[in-house]
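Input: a single structure, listed below in structure tokens.
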Amino acid sequence: MTVSPCGDATAADWLRDDPQPWHRLVTLGPAGFEAYARVRFIPDPTGPRQSEGDVPHDPGPDAPSERQQLDTVLGVLAARTGTPARCVFAVWDGWGTDPVHPGAELDLPNRRFFLFEGAATDLPAHEQWARVLRPPHGSPDPGPRPDPAFVWPADRAWCVTKDVDAHYAGIGGTRAAITDLLAHPRLDVVPADPSQDQPAYL
């Protein structure tokens, strides 16, 4: 399956109808999963009022990018859904990209997203995303395409979030799915309690 605009706005109803505060929703995903975790792209802050630049972090030249880490996450989670070929990707409209062909959209407080559909394995396929998203304004084509802010399969077995303001990706899913991620040797994954505030930089 290739990435294409999602024509079914109801695919995102479970996010529209989620009763949680918007910040909790966009950083850890919808309520009701057995377990939650965070995939940290940089270490958590060690004190109050820190900015990301205040924390020394040198992952080395061979460290995977955020996109590569998200691809690894989705590869792990693809084995924990009955619909790995039917996923929805929600891309924040604030990156300056626009859909080549209009599809369904998701509006949340403080955030608006374009909806696309494809397989969990479609995330790293730049040529596919270049066909459905115009590059940022003023950038040559092909320009960089943003990571999706939400990814979930049609059976809603899990949900991955990557908000623009967070230094991590949040995942909700089955306990088995979260256990798989916690055990992965190439990911920095920690359990998350959705009832608590998550670490955040200024």
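What to note about this one:
- Amide H to amide H distances under 5 Å link Ala119 with Cys87, where only residues 5 or more positions off or on other chains count and H is placed in the peptide plane.
- Relative contact order of the stretch 82-202, taken over Cα pairs closer than 8 Å and 6 or more residues apart, is 23 percent.
- The mean accessible area for residues of the stretch 137-202, using a 1.4 Å probe and ignoring ligands and nucleic acids, is 48 Å² per residue.
- Among the GluC sites (Glu not before Pro) within the stretch 1-102, those in coil by DSSP and having at most 13 neighbouring Cβ atoms inside 10 Å are Glu34.
- What the phi angles of the stretch 129-139 give under the Karplus curve with 6.51, -1.76 and 1.60, with θ = phi - 60°, is a coupling list of 5, 5, 7, 10, 10, 5, x, x, 3, x, 8 Hz, glycine and proline written as x.
- Calculated FRET efficiency for the pair Arg67/Ser4, C-beta based, R₀ 25 Å, to 0.05: 0.80
- In Å², nearest 10: area of Thr46 left accessible to a 1.4 Å probe: 120
- Dipole magnitude (debye, nearest 20) for the chain, charges at Cβ of Lys, Arg, Asp, Glu: 180
- Separation between Cα centres of the stretch 56-86 and the stretch 1-39, rounded to whole Å: 18
- Relative contact order of the chain, pairs being alpha-carbon contacts under 8 Å that are 6 or more residues apart, as %: 35
The values are calculated or read from the model by the stated rules, or taken from the named source; none is laboratory data. Since this is a predicted model, take the numbers as computed values, not measurements. Here the Cβ is made from the backbone with ideal geometry for all residues, glycine too, and neighbour counts use every protein chain on show. Surface accessibility is based on the protein's heavy atoms, side chains included, excluding ligands, DNA and RNA. Shrake-Rupley method; radii C 1.70, N 1.55, O 1.52, S 1.80 Å.
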